[in-house]
Amino acid sequence: MSPDWWRWVASRDSLTARLIAAGGERRFRVRLLDQRLIRPRHDEARVLGLPYPRHAWCREVALCLDGHPWVVARSVAPLARLRGQRLERLGERSLGSWLFRQPGLERSPIEVTASPPPFHAASGPWGRRSVFRHGRFAVLVQEFFLERMADDLGLPSR
Ligand SMILES: C=C(O[C@@H]1C=C(C(=O)O)C=C[C@H]1O)C(=O)O
C-alpha cells in the first residue's frame, strides 16, 4: 500500500472529519442508501462475536463530496446491544459525528481488504473495517474508499 493510502486506511480518528478537511471547499454530505433489520453475513457475525444468525441493525451510506461518492460504508449493530441507541434517527447525519462523542469509545484493530464492496456497485482501491464499542453497545463499521476519491485528491491507484 502506498504511504498516501496508508494514511487514510490506517487512520483511527473520525473519517468524516478527515473527509471534510480533505474536501476543502467541496460540500460534504452523507447520503443514506439503506437502513433495515438484517441477519448479518457470516463474516460480519464472526467479527462481532455473534452466534449466527442474530438480528442486527444495518445502515448503508455514501459519503459524498459535492455529490460524488468518495466512500461507501455499511455499519452493522447487533440489536441485542443497541440498548436504546436510536441509530435509525441519524438519517443523513454522520454516524461518526455521533460515535466519536461517546465517552469511553473503543475501536478494534482495523482489517483491510482489496476486494470491492460486497453491498455496492462502485469500486475502489481499499476497504477496511473495525468494531467500535462503548459499554455494551457495539457496531461494525465497514468503509470502502472509491476511485472518485483517488481521482479528486490525486491519490495513487493503490
Ligand atoms: C465511523 C465514522 O462514520 C462515518 C459515517 C458513517 C455513516 O454515517 O453511516 C459510516 C461510516 C463512517 O465512515 C467516522 O466518521 O469515522
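Since every read-out is calculated from the coordinates, none of them should be taken as a lab result. Computed from a predicted model, the values in this text were never measured in an experiment. Cβ coordinates were reconstructed from backbone atoms using ideal geometry, including for glycine residues, and neighbour counts include every protein chain displayed.
In deg cm²/dmol, rounded to 500, what helix-only [θ] at 222 nm does the chain give when every DSSP H run of at least 4 residues adds -39500 (n - 2.57) and the total is split over its residues? Intermediate values should be presented prior to the final figure.
Working: 5 runs with 35 residues, N = 158.
So the calculated ellipticity at 222 nm is -5500 deg cm²/dmol.
When the dipole is taken about the Cα centre of the stretch 4-158, and only Lys, Arg (+1) and Asp, Glu (-1) are charged at their Cβ, what size is it in debye, to the nearest 20? The partial results should precede the final answer.
Working: 27 positive and 16 negative charges, 152 e Å.
Computed about the Cα centre, the dipole is about 740 debye.
Which values, in whole Å and largest first, are the semi-axes of the equivalent ellipsoid of the chain obtained as the square root of 5 times each eigenvalue of the Cα gyration tensor?
Details: eigenvalues 125, 56, 45 Å².
In descending order, the three semi-axes are 25, 17, 15 Å.
Output ³J(HN,Hα) for the stretch 10-17: one whole-Hz value per residue in order, computed from phi by the Karplus curve 6.51 cos²θ - 1.76 cosθ + 1.60 with θ = phi - 60°, and x for Gly and Pro.
After applying 6.51 cos²θ - 1.76 cosθ + 1.60, I find 8, 5, 10, 8, 6, 5, 3, 4 Hz.
Give me MET1, MET149 ranked fewest to most by other Cβ atoms within 10 Å of their Cβ, as a rough exposure proxy.
Values: MET1 15, MET149 22.
Ordered by Cβ neighbours within 10 Å, fewest first: MET1, MET149.
Under a 5 Å amide H to amide H cut-off, with H placed in plane at 1.01 Å, what residues pair with TRP70 once short-range neighbours are removed?
Result for TRP70 returns LEU63, CYS64, LEU65.
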